[in-house]
Amino acid sequence: MNVGAAAFLVIVLFTVHEFEEIILVFPWIARHANDPRFARDAWISRRTAYPSTEAVAAMIAEEIILASLVLAIAVWVGALAVVLAVATINSVHLVGHLRLAARVRAWNPGSATAAVTLPLNVTLIAWALIHGANWGWWLTATVLLGVIFAANLKALHGLAPTLQRRISRAA
């Protein structure tokens, strides 16, 4: 598999999962907000940080754009390890959805696609590493990009109220 094909697969899997979150998060919060089993879940515990579907969609769109830029640069320079790093970071996120689903024995926004996309991500990563991808570059890129993506997500959550005001004004 070449770098471009791997990057395409990674961004498609990432985007499908994120669309499930956009579509299901608010109905799920409304249904489970007062259920003590979900009190520790990020969607429930930080529900005031998610002002609207539009704001969540805008935040996710920014994440998709950032991941797409990283993947495009990886394709441009032929850095399969960077593509695998993005897949790895996404896989860690997917495991979180599945852990919550297992803990509370109920689906959550993103867990259905996590159950499908996680095995595909892991298969891609394992196949590439077995077939010669550079383990050192993969681990380094995973740590560096993991820090960047986590900082970006934290900044997005902090900017959510401002984003909501701008969306409301524009509408």
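Working from Cα pairs under 8 Å separated by at least six residues, relative contact order for the stretch 1-119 is 38 percent. Among Pro51, Pro109, Pro27, the largest mean-square fluctuation in a Gaussian network model of the chain, built with springs joining Cα atoms closer than 10 Å, belongs to Pro27.
Protein heavy-atom accessible surface, 1.4 Å probe, per residue over the chain: 55 Å².
For the chain, build the charge dipole from Cβ charges (+1 Lys, Arg; -1 Asp, Glu) around the Cα centre, then report which of Val116, Ala160, Met1 sits farthest towards its positive end. Checking the options against the dipole of the chain, the answer is Ala160.
Amide H to amide H, with H built 1.01 Å from N, Ser52 comes under 5 Å of no residue 5 or more places away or on another chain. Radius of gyration over Kirkwood radius for the chain, both on Cα atoms: the Rg/Rh ratio is 0.99. Helix 3-32 axis versus longest C-alpha principal axis of the chain: approximately 10°, rounded to the nearest ten. Shown for the chain: the carbon plus sulfur share of the solvent-accessible area, taken with all protein chains present and a 1.4 angstrom probe, equals 71%. Heavy-atom accessible area, probed at 1.4 angstrom with all protein chains present, ranks Val3, Val86, Val77 as Val77, Val3, Val86, highest first. A simple charge model with +1 on the Cβ of Lys and Arg, -1 on the Cβ of Asp and Glu and nothing else charged puts the dipole of the chain at about 540 debye relative to its Cα centre. Would you be so kind as to identify which of Thr15, Val143, Ala33 lies farthest towards the positive end of the dipole of the chain, taking Lys and Arg as +1 and Asp and Glu as -1 on Cβ and the Cα centre as origin? Toward the positive end, the furthest listed residue is Ala33. Find the centroid of the Cα atoms in the stretch 1-70 and in the stretch 80-121, then give the distance between the two in whole Å. Between the Cα centres of the stretch 1-70 and the stretch 80-121 lies a distance of 11 Å.
How would Thr117, Thr15 rank on accessible area, largest to smallest, probe 1.4 Å?
Thr15, Thr117
Compared with the dominant Cα axis of the chain, that is its longest principal axis, helix 111-130 is turned about 20°. Largest to smallest in accessible area, the residues Met1, Met59 fall in the order Met1, Met59 (1.4 Å probe, all protein chains included).
The values are calculated or read from the model by the stated rules, or taken from the named source; none is laboratory data. Note that the structure is predicted; figures quoted are calculated from it, not measured. Don't worry about glycine lacking a Cβ; one is built from the backbone with ideal geometry, like all the others, and counts go over all protein chains shown. Remember, those area values only see protein heavy atoms, side chains included, never the ligands or the DNA or RNA. Shrake-Rupley method; radii C 1.70, N 1.55, O 1.52, S 1.80 Å.
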